[in-house]
1. Please name whichever of Trp321, Leu60, Val164 sits farthest to the positive end of the charge dipole of the chain, dipole taken about the Cα centre and charges placed at Cβ: Lys and Arg +1, Asp and Glu -1.
2. Can you tell me, using C-alpha contacts under 8 Å and at least 6 residues apart, the relative contact order of region 145-283 as a whole percent?
3. Before I look further, what does the chain give for accessible area per residue, probe 1.4 Å, in whole square angstrom?
4. Among the lysines, which have Cα under 28 Å from the Cα of Lys79 when same-chain residues fewer than 8 positions away are ignored?
5. What is the helix-to-structure angle for 239-252, meaning the angle in degrees between its Cα long axis and the longest Cα principal axis of the chain, kept from 0 to 90 and rounded to the nearest 10?
6. Multiply the residue separation of Arg289 and Asp104 by 0.36 nm, subtract the distance between their alpha-carbon atoms, and state the gained length in nm to one decimal.
7. Which value in nm describes the separation of the simple spin-label points at Asp355 and Glu441, placed 7 Å from the Cα toward the beta carbon?
8. Could you give the length gained by full extension between Val364 and Asp57, i.e. 0.36 nm per residue of separation minus their alpha carbon distance, to one decimal place?
Amino acid sequence: MRNQVLAFAFCSLICGSTFAQQKSPQRMLPAEQEMTLQYGADRLGKRHDAAMERFRDNRLGAFIHWGLYAIPGGEWNGKVYNGAAEWLKSWAKVSADEWLKLMDQWNPEKFDAKKWARMAKEMGVKYVKITTKHHEGFCLWPSKYTKYTVANTPYKKDILGELVDAYNKEGIDVHFYFSVMDWSNPDYRYDIKTKEDEEAFRRFLEFTDNQLKELATRYPTVKDFWFDGTWDASIKKNGWWTAHVERMLKELLPGVTINSRLRADDYGKRHFDSNGHLMGDYESGYERRLPDPVKDLKVTKWDWEACMTIPENQWGYHKDWSLSYVKNPVEVLQRIVHSVSMGGNMVVNFGPQADGDFRPEEKVLAEAIGRWMKKNGECIYGCDYAGLEKQDWGYYTRKGNDVYMVVFNLPFSKWLTVKTPRGLKPVEAVTLDGQKVKVVETTNNEYNVAVPEKVAGEPFVIKLKVETVEGAVDKYKAALT
Ligand code: JFZ
């Protein structure tokens, strides 16, 4: 922050007031005036290799938060805490030793990796992000570097390995969630204040490197690392280490993708470096919220992935979902479409039970999303920001010259308004089940698109085939670069 202020002040001096009055542009300084950073962004603009294209085209993923916290499910010593269940150790002020005793009860009798993989396939997700280790420190794989792993529970077997195999067999990519902050490790520090802290934290970073190398070599088909628990001063003061981790994993696993939450630059600036450039391969700041489709179109300039919980804020299994608002399948769909319409991915979270089964609400939701995706997935997978002005009936997505109108709100009249940028013209409109739909030009670059005759009682899709004339300004194409 301090450096952004400095950079900004410096810029006002050089460029005069006009430039300085611009509100927080992503790029504040002409390239030659940017500060030199050793641990800033490794790349400017989007990544365009095959692995990144695959990450982007997948568009829909599932999150799995599974750890010891699934056993108490939000309740400790008879008291139910409504805070996030995976943070229960902290809400109920349980010591690490006592918490880790839950390992003796870890024996998910109904766990069947193949069933989990079929459920994901049915839901239409193209990738699954699994908590290899959450803040509590318990590892779903038999790590050599700590005793707090599945290997030392009654279950014994390598859950992560079983899941990687099962998902991969269904053609689903596996991403690893990894919390750097680790409540089980006495060397972890929230800040570095003394020589002793420094030494402990150096040991901790080495331990973390070892675990990451272990994950990358034991499970070489992993496609992505999603880091969490990186917000403490101790890590911000060691930005070099976050850059090192990204490089280390990319050397071990060519093509691997990494979220921005890992990174801090030379000055402890996170996600975006002190010059305003995204660090890592995609922004991972959108959590349980989404960018505004009218105001925040800047997000189409970089890749991003949002993740969301089905209740308000429960990632791990909580036994009582009656305590807060719980989204219905259409709301979940709307958030998926919203994300794709702004060039982002969406990951829907599941918190499996301690017995290895999923709660009924999650099964119903996964099935409902899957049914819709089977019919309408064409407007999600491989799609991007369309470059058309948002309308109240829903969202646009686009693949080349196919613009998809995803309609959530049925108008009282039979017409849906479409406004196109200059040079872009709809030539034909059809529903995904093949009904032709009327398009009438109402004024320059404005059209009425008819609501199809038969619409199911759920969001539906109209595919507009469009033509662009030579020389047209196409915001869609610009967003792809
Ligand atoms: C973190 C975890 O603490 C939480 O348990 C869950 O795993 C979630 C996916 O990630 O929580 C966060 C992290 C970052 C923000 C908010 C919650 N954030 O940047 O707004």
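1. Checking the options against the dipole of the chain, the answer is Leu60.
2. Working: 193 pairs, mean separation 28.4, N = 139.
About 20 percent, as a whole number.
3. With the other protein chains kept in place, the chain gives 44 Å² per residue.
4. Qualifying lysines at Cα under 28 Å: Lys89, Lys93, Lys101, Lys110, Lys133, Lys319, Lys327, Lys363.
5. 80 degrees
6. Roughly 62.9 nm would be gained on extension.
7. It is 6.4 nm.
8. On the way: separation 307, 0.36 × 307 = 110.52 nm, distance 2.55 nm.
Difference between extended and current length: 108.0 nm.
The values are calculated or read from the model by the stated rules, or taken from the named source; none is laboratory data. Quantities reported herein were computed from a predicted structural model and do not represent experimental measurements. Note that we place each Cβ from the backbone using ideal geometry, even for glycine, and neighbour counts take in every protein chain shown. The protein model used for the area step is the full one, side chains on, heavy atoms only, and it has no ligands, DNA or RNA in it. Shrake-Rupley method; radii C 1.70, N 1.55, O 1.52, S 1.80 Å.
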